[in-house]
Structures are given as structure tokens and as C-alpha cells.
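Shown next, in C-alpha cells, is the structure this report addresses.
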Amino acid sequence: MTDDLPDRSLRVGEKVLLIDRKKRRYLVTLEEGGEFHTHSGFLPHAEIVGQDEGAALRSTRGATFTAFRPTLSDFVLKMPRGAQVIYPKDLGAILMQADIFPGARVLESGVGSGALSMTLLRAGAHVTGYEIRDDFAARARKNVESFCPPEQVAHYRVEQRDCYEGIDEVALDRIVLDLPEPWQVVPHAQTALRPGGILVAYTPTIIQAVQLRERFVDSEFELAETMEVLHRGWNIDGTSVRPDHRMVAHTGFLTHARLLPA
Ligand code: SAH
């Protein structure tokens, strides 16, 4: 029975998150002959390779670390960024609002650092990205390649272009936007999406959300809704059970709508 189970031990080439006793997190790529250096000695990568996740490891001067594969959230918060990324709380909500499914034909614009791209790919979408800046397009591609397995990367294509000027794709299932003026994309989305297709836009300000909603009024989009995701952690420690003192008060608004047949 157990012979059929996949081998999930850590391998060369993979990323690992090393967590120290103070819960500080370090993202490391395992290399042949590599070493992870800290102020309390170093940890040869060879001692991490072959271990199962959660393994406790000791540096040469006795500091202890726990090794895990980074989750998508961990990676998004740690990866190199060009543009500001969409935060995990919003990425999760976008997947549901856009109703992303395996094989969905999705147009994403702008692509920025690729955080949303990875989220869509992981949910099985086939993603075409339009990004106006070449350097961001390259950064996104790099980030996607370093986190997503090749079978997901195979469904990812980024073009350097301005989404306000038009969309060449047709019969798209979904369009997901994170750019300053999403209302400029509405006329193009009407021809690029199939009937019943969904458009989702992430906007940092409510003025942008309102402008998009106003643009929907005389369009073929229906069922528009705008919301925000408030994520409040709780401290649970013995008798101290209360909300965390700090929270991220604002990231952005999510607006979605569905296309009617023309
Ligand atoms: N969602 C991304 C971040 C996108 S940041 C992530 O999670 O990583 C917004 C991006 O939109 C920037 O990279 C910017 O260059 C791009 N952009 C702005 N206007 C655009 C346009 N008209 N067409 C295509 N991309 C655009």
C-alpha cells in the first residue's frame, strides 16, 4: 500500500522555508553543496535534502530550525517583487469570485509580480497575461517558473502589451484585472469573454470601483457586486483569547460581474 504513496521528501532544487526558534522565516533554495548561513553557524543543504517536512535541524553552532515547503501564501509574501502583489486574503477570494476551474481560459492584466498568476495556475487555469512593462513581465515569469511545476507553467503565457488597447483572445471564460483603470477594459471584455463569462477587478481605491460599476451600467455586464475582505487574526494563548492588536486594515476592493449574451 505505502509503496504507491508519493515520495514527499525534500529534494535539491526545491524551495524550503526554515523557521527558527523565534519563528523567523527564511526562504532557501536547496542546492548541491549549498549552505545556509546564520549568525549562529551554518546548515549544510545536504542535511535538509532527503528529510521530510517538519524535520528539526541543527546549525553548526546549535541553533535549531524546522524545514517546511513554502505554501503559496508564504512564497507570495517572500518572493522578489517588482510591482505590489495582491495579498493572500484577496487571492483566495478572487478564486471564488472569478469561479476559476481547471482548464478555464483566463486573461489576466496587469501581471505585476505574478502572485495572482500563480494562484490562477495552481487552480488549473490556462492563463494569458497582458503586462505593459517588460521588466515586470520578466519578473512575473521568473517567479511563476520558480514556484509552479512545469505542467502549470506550460499553461502560462505573458505578452507585453497595453490591455486598454484591446484583447485578441476570444471565448475567454474569465478576465481578472489588477490595473489602474479597469473600466477601460470593459468594451474589450464584452467581445473577448464568452456569454456567462466573469470579469473580476481588484482596485486599491473605492473611486476606481465606482468608476468600474458606472461603466457596467450601460454595458452587457450584469450581477455586479463590490466587496472587501477583512481578515482579523486571533491570539489564542491560555486565557488570553482575543483579536490580534494589529491587522492590515486595507488592501483593495473586489468587483465582479457576468457577461450577458450580446
Ligand atoms: N496582480 C499582480 C500585481 C499587478 S500590479 C500580482 O499579484 O503580482 C499592476 C500591474 O499592471 C503593473 O505591473 C503595471 O505595469 C500593469 N499595468 C498598468 N497598466 C496596464 C495596462 N494598461 N495594460 C497592461 N498592464 C498594465
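Annotations for the structure displayed:
- Complete set of residues in the range 81-108 that are touching a helix residue (DSSP H, G or I) at 6+ places or on another chain (Cβ under 7 Å), within 9 Å of the ligand (Cβ to nearest atom) and not β-branched (V, I, T): G82, A83, L91, E108
- Pair list, Cβ under 6 Å, 6 or more apart: the range 136-155 residue on the phi < 0 side of the Ramachandran plot and modelled with pLDDT of 95 or more, other residue part of a helix (DSSP H, G or I) and among the β-branched types (V, I, T): E145/V153
- Residue match in the range 82-100 (condition: touching a strand residue (DSSP E or B) at 6+ places or on another chain (Cβ under 8 Å) and free of Cβ contacts under 8 Å to residues at least 40 places away in the same chain): no
- Number of the condition not met by F101 [criteria: (1) touching a Gly at 6+ places or on another chain (Cβ under 8 Å); (2) outside the structural domain of A249 (by TED's automatic domain parsing); (3) in a loop (DSSP other than H, G, I, E, B)]: (2)
- Scan of the range 212-232 for residues that are among the aliphatic types (A, V, I, L, M) and either open to solvent by 80 Å² or more (accessible area, probe 1.4 Å) or not in a strand (DSSP E or B) (or both), ordered by number: L212, V217, L223, V229, L230
- In the range 188-211, the residues that are free of Cβ contacts under 8 Å to residues at least 60 places away in the same chain and either touching a helix residue (DSSP H, G or I) at 6+ places or on another chain (Cβ under 9 Å) or open to solvent by less than 10 Å² (accessible area, probe 1.4 Å) (or both): H188, A201, T203, Q208, A209, Q211
- Within the set D178, D162, the sole residue that is in contact with a strand residue (DSSP E or B) (Cβ under 9 Å, 6 or more places away or on another chain), loosely packed, with under 14 Cβ neighbours inside 10 Å, under 21 Å from L116 (Cβ atoms) and among the charged types (D, E, K, R) turns out to be D162.
- Top-ranked residue of the range 26-85 - restricted to ones that are of a type in the set (D, E) and in contact with a Leu (Cβ under 9 Å, 6 or more places away or on another chain), ranked as nearest to C148 (Cα to Cα): D74
The values are calculated or read from the model by the stated rules, or taken from the named source; none is laboratory data. Every value quoted in this text rests on a predicted model; they were computed, and no experiment measured them. With ideal geometry, Cβ positions are generated from the backbone for all residues, glycine too; neighbour counts draw on all protein chains shown. The accessibility values were calculated without ligands, DNA or RNA, using every heavy atom of the protein model including side chains. Shrake-Rupley method; radii C 1.70, N 1.55, O 1.52, S 1.80 Å.
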